[in-house]
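Note sheet for the following structure.
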Amino acid sequence: MRFKIIALIFFILMINSNLWGIKVKIKDLVNINGLSENSLIGYGIVTGLNGTGDSARFKITGNILERVLNNMDIDVMNSKNIGAKNSAFVIITAKLPPDIAEGEKIDVTVSSIGDAKSIVNGVLLQSPLKGLDGKVYAVAQGVVSIVDTANKNKTVGIIPEGAIMQRDFSSQFINNNRIILSLKNPDFTTLYNIKKGIMDKFNNVQLTTINNKLIEISLPEEYKNNIDKFMSDIGNIEIEPSTTAKIVINKTSGVIVINGDVKLMEASVSYKNLDIYIKNKRNLATSSEKLNNQNIFVLPDSSDIKSLIDGLNKMGAKTEDIIAILYALKKAGALIGDIIVE
């Protein structure tokens, strides 16, 4: 798809927090170690499928279903056709918030690992969900709903509030009166600004920088019985974050996100039938006829990436051409910034 229809499918967002002096609250830049989400996992059987379940080749489904029925005092040991493609063996996963109490409900994701064609609208039989410590924290059960409506993937589904917590789950984020903040985007400048902001707010706080991602904070004596106030005060401190030069390209949607720290340096690129010159025009040894050629693009080295992409767009470059040229510039050291293609 050509970038000439950029107005419809292509969006460039220029972000530069340093340029505009934008201040951001610390709580939006960090995670608190110990207060992250945790995962649960389990397995089970989805029944009630109208011939879209696992085939007889996937024997584990029938074996597990036999065990389930035997536990219900139903003798099926002599049945060879149990399941009959109306059941499917599934893996069940769930995310636990940092603090959750017994009796609360959580969403679960159900995915087939056999050869079932669809598990949608089937019923998940009661299944335990365990944490990394091997303990059962929740029990899942319910009707499977479709989750991928765009691609119509019917072998993965969800059960909203499909699991009930069987015990409390509480995260521990204070160890030996110390709290660790973890930057979402590691950067020494942002780390320094956070450290300075906290020290300006609390005169007697002790901070230790572990690396470019972690800050360890010793809990002041006067806040040991008022931790929520201390964490609230820290979270609401505003600082100026630093950004890493980065280009993010989504090949499917055509969206390109570029922050303002990405820089171009002098270079010449020949790609297919395209010639790109990034340099001062007075230093370009070429004729006026060559500059007027539709496949020649001259860009002063002071220009930004947006100007380059606009020029490539006018030259009819395709998405893959844009990506290839940006990668070539980066490899040659003429593009300062990371390129991420999704």
Inter-probe distance in nm under a simple model that places probes 7 Å from Cα toward Cβ, at Lys130 and Ile164: 2.2
Amide proton proximity set for Gly142, modelled H, under 5 Å, gap of 5+: Leu124
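If a/c stays under 1.5 just call it rounded; otherwise compare a/b with b/c (prolate if a/b is bigger, oblate if not). Do that for segment 151-250, with a ≥ b ≥ c from the square roots of the Cα gyration tensor eigenvalues. Don't jump to the answer; show the numbers that get you there.
Working: a/c = 2.96, a/b = 1.36, b/c = 2.18.
Verdict is oblate for segment 151-250.
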Where labels lie 7 Å past Cα in the beta-carbon direction, separation of Val139 and Lys306 in nm: 5.8
Val30 long-range amide H proximity, modeled H, under 5 Å: Lys184
Per-residue ³J(HN,Hα) for segment 174-179, Karplus 6.51 cos²θ - 1.76 cosθ + 1.60, θ = phi - 60°, Hz, x for Gly and Pro: 10, 10, 6, 6, 10, 10
Other-chain or far-sequence residues with amide H under 5 Å of Glu266's (modelled H): none
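If we count every other residue with Cβ under 13 angstrom of Gly235's Cβ, Lys/Arg +1 and Asp/Glu -1, where does the sum land?
Working: positive: Lys25, Lys27, Lys201, Lys229; negative: Asp28, Asp228, Asp233, Glu238.
Result for the neighbourhood of Gly235: 0.
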Segment 103-215: radius of gyration and largest Cα-Cα distance (Dmax), Å: 21.8, 63
Between segment 251-265 and segment 93-118, the Cα center-to-center distance that results, in Å: 36
Dipole of segment 38-170, positive direction: furthest Cα of Val120, Leu96, Gly142, with charges on the beta-carbon: Val120
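Just so you know, all these numbers are worked out from the coordinates, no wet-lab data involved. Only a predicted model underlies this, so the values are computations on that prediction, with no experimental measurement involved. Note that each Cβ is placed from the backbone with ideal geometry, even for glycine, and that neighbours are counted across all protein chains shown.
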